[in-house]
Amino acid sequence: MPPTVVDVAPTVVDLSATSPVLSGRDIPFRGDGERDFVLHTARIVGAGGQGTVVEATDEQGSVYAAKLAWQPHSVRDRQARRRVLGFLRSLMTDHPLGANHYKRTHLMPLFAVGQVTDCLPELGKTTYDVAVMPLCEGSYADRALVSFRELRDTVIPHGAEALHLLHERGIVHRDVKPKNLYRLHGAVVLGDFGISSVLDEGRDTSATRVDRRTPGYSPHSSVVAGVMYSSEMA
C-alpha cells in the first residue's frame, strides 16, 4: 500500500519543554463570566506541549486549576478552539445539572475562559488562552495500578460517553490518553482540549488529520507516515 501523505508537517505534542514559562506573578482574571479569579502562576500543577496548568483562586478562596495555553497560529485553529470551549461553557448553563454536568457528560466543566497577558523580562509580553476548571483528584497517568473492573465499568464507559457527546457536535478530541482522563468526585472526566478540532460540514469523525499526536498514544501508521513526510521534506 502507498504511504499515507499528510498535508502539513507533523507536530509532536506533550513535551513539557515547549510549555509556557510563566513569570510567577499573581494575575487577576475574569474571562467570559462574572466571577473574578486570581491566577497563581508560581503554583504549577502540571505542564504539557500546549499549556501550563497553575492554581487559581476565586473571591471566596476556593482553589481551581487554570490552564494557560499558547494561542493557535492559524485562524482556523483559533476558530476551532473558540467553538470547542464555547460548547463546554454552554454545558454549565444549558445542562440540567449545571456545573455538575460532568456526572453525566464526563466532560471537564469550565468556569471561565478568556485571555491573559504575562510578561517575562527576557521574553516580553505573551498572551495566553485561559480555561479555569476544577482542581481534580489526579489523572489516570498518575495511577500506579488500575483494575480491569475499573477500566471495564468506569473508565471506558465514561470516556466513551464524553467522546460520543463531542462527536455529536462534530468535535474531535485528538489527544485521548490516560493523562487527559481525570477523577472528579468519583467520575471520570475527559479534559485538555488544546488540539481538538471541529469537522467541516459534511465530514464525519472518521475524517481527521494525523499530524498531531503524543508519542506512545498514536497509531503506528500515523507515526510512520509522519516520519516519511518529514524525510520527503528534508
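Take the Cα of ALA144, step 7 Å toward its Cβ, do the same at ILE156, and the gap between the two points is 2.6 nm.
Sequence-distant contacts, meaning Cα pairs under 8 Å at least 6 residues apart, place the relative contact order of the stretch 52-140 at 31 percent. Using the alpha-carbon positions of the stretch 8-135, Rg (one decimal) and Dmax (whole number) come out as 14.9, 47 Å.
Among LYS67, LYS103, the order of accessible area from largest down is LYS103, LYS67, computed with a 1.4 Å probe on protein heavy atoms. For the stretch 68-152, GluC sites (Glu not before Pro) are listed when DSSP marks them as loop and at most 14 other Cβ atoms sit within 10 Å of their Cβ; the list is GLU122, GLU137. In terms of the Cα gyration tensor, with a ≥ b ≥ c the square roots of its eigenvalues, is the stretch 74-113 rounded because a/c is under 1.5, prolate because a/b exceeds b/c, or oblate? Verdict is prolate for the stretch 74-113.
Shape annotation for the stretch 34-83: C-alpha extents along the principal axes are 37, 26, 12 Å, from largest to smallest. Ranked by solvent-accessible area (1.4 Å probe, protein heavy atoms only, all chains present), the residues HIS40, HIS167 order from largest to smallest as HIS167, HIS40. Residues PHE111, PHE37, ordered by accessible area of protein heavy atoms at a 1.4 angstrom probe radius and largest first, appear as PHE111, PHE37. Element breakdown for the stretch 86-192 at a 1.4 angstrom probe: carbon and sulfur atoms account for 55% of the accessible area. Note that the stretch 79-89 has calculated 3J(HN,Hα) couplings of 5, 5, 4, 4, 5, 5, 5, x, 5, 5, 5 Hz, one per residue in order, obtained from phi through the Karplus relation 6.51 cos²θ - 1.76 cosθ + 1.60 (θ = phi - 60°); glycine and proline are x.
Can you give me the Kirkwood hydrodynamic radius for the stretch 159-202, using every pair of distinct Cα atoms, in Å to one decimal? After inverting the mean inverse Cα-Cα distance, the result is 11.1 Å.
TYR128 exposes around 10 Å² of accessible area when a 1.4 Å probe is run over every protein chain in place.
The values are calculated or read from the model by the stated rules, or taken from the named source; none is laboratory data. For clarity, every value in this text was computed on a predicted model and none was experimentally measured. Cβ: placed from backbone, ideal geometry, glycine included. Neighbour counts: every protein chain shown. Accessible surface is based on the protein model in full, side chains and every heavy atom, while ligands, DNA and RNA are left aside. Shrake-Rupley method; radii C 1.70, N 1.55, O 1.52, S 1.80 Å.
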